[in-house]
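A.B. asks: Dropping a structure here in structure tokens format, bear with me for questions.
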Amino acid sequence: ITKPSKSKTPHPKTSQRNALLESVLLSSVPMWRACSFCERRGLTCEASPLDSVRCASCIRNNQSSCDVQGVSVHQLRKIASQHAKLESEMEKAEAELAASMAKVNRLRLQKR
């Protein structure tokens, strides 16, 4: 039994990504500073700031974020939010530690 052959049409997102990649490649220039993705892999980082915030390699490899143009405002906000959350957790942990140490000291005094 043979399976009927299906004509495989690319997913719309794949077609959109390929069109963006083609556009970027047509007007791309080598970047003086490679993005993290290209740097880790030893690739030449080429981008077209007029067409996309991502370099050609990140588009080709479906990387959601590319830091070829530096840190974006959104990324800075996310970092600041994570920093504030960690600072709050650290303060809470320090307060719990201080309370535990006070309890240990109180128990040591009672033990004498």
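The values are calculated or read from the model by the stated rules, or taken from the named source; none is laboratory data. This one's a predicted model, so the numbers in the text were calculated from it and none came from an experiment. Here the Cβ is made from the backbone with ideal geometry for all residues, glycine too, and neighbour counts use every protein chain on show. The protein model used for the area step is the full one, side chains on, heavy atoms only, and it has no ligands, DNA or RNA in it. Shrake-Rupley method; radii C 1.70, N 1.55, O 1.52, S 1.80 Å.
A.B. asks: Kindly express, to the nearest 10 degrees and within the range 0 to 90, the angle between helix 12-26's C-alpha long axis and the longest C-alpha principal axis of the chain.
C.D. replies: 80 degrees
A.B. asks: Once you keep just the Cα pairs under 8 angstrom separated by 6 or more residues, what percentage relative contact order results for the stretch 35-101? Please list the in-between numbers first.
C.D. replies: Values: 42 pairs, mean separation 15.5, N = 67.
So the answer I get is 23 percent.
A.B. asks: Can you tell me the orientation of helix 73-111 relative to the chain, as the angle in degrees between its alpha-carbon axis and the longest Cα principal axis, to the nearest 10?
C.D. replies: That helix lies at roughly 20 degrees to the long axis.
A.B. asks: If you don't mind, another one. Mind listing which trypsin sites (Lys or Arg not before Pro) in the stretch 5-105 are in a DSSP loop and have 10 or fewer other Cβ atoms within 10 Å?
C.D. replies: When the trypsin sites (Lys or Arg not before Pro) of the stretch 5-105 are filtered for loop state and at most 10 Cβ neighbours within 10 Å, Lys6, Lys8 remain.
A.B. asks: In Å, the Kirkwood hydrodynamic radius of the chain over pairs of distinct alpha carbons?
C.D. replies: Taking every pair of different Cα atoms in the chain, averaging 1/r and inverting gives 18.7 Å.
A.B. asks: Something else now. What accessible area per residue, rounded to a whole number of Å², is obtained for the chain using a probe radius of 1.4 Å? Show your work: numbers first, answer last.
C.D. replies: Numbers: 9430 Å² over 112 residues.
Using a 1.4 Å probe on heavy atoms only, each residue of the chain averages 84 Å².
A.B. asks: Ordered by residue, what ³J(HN,Hα) values in Hz, to whole numbers, does the stretch 38-50 give under the Karplus form 6.51 cos²θ - 1.76 cosθ + 1.60, where θ = phi - 60° and Gly and Pro are x?
C.D. replies: Residue by residue, the stretch 38-50 yields 5, 4, 4, 9, x, 8, 7, 8, 10, 9, 10, x, 6 Hz.
A.B. asks: Now for a different question. Rank Cys38, Leu20, Ala95 by how far each Cα sits towards the positive end of the charge dipole of the chain (+1 on Lys, Arg Cβ; -1 on Asp, Glu Cβ) and give me just the farthest.
C.D. replies: Ala95
A.B. asks: Give me the percent relative contact order of the chain, please, defined on Cα pairs under 8 angstrom at least 6 residues apart.
C.D. replies: Normalised by residue count, the contact order of the chain is 18 percent.
A.B. asks: Okay, next question. How many Lys pairs in the stretch 5-112 lie less than 27 angstrom apart by Cα atoms, where the lysines are 8 or more positions apart or on different chains?
C.D. replies: 4
A.B. asks: Work out how much length Arg41 to Ala19 would gain on full extension: take 0.36 nm times their residue separation and subtract the Cα-Cα distance, in nm to one decimal.
C.D. replies: That works out to 5.5 nm of additional length.
A.B. asks: Using the basic label-point model (7 angstrom from Cα toward the beta carbon), what is the Ser72 to Arg108 distance in nanometres?
C.D. replies: 5.3 nm
A.B. asks: Taking the Cα centre as origin and putting +1 on Lys and Arg beta-carbons and -1 on Asp and Glu beta-carbons, what dipole magnitude results for the stretch 33-89, to the nearest 20 debye?
C.D. replies: My answer is approximately 100 debye.
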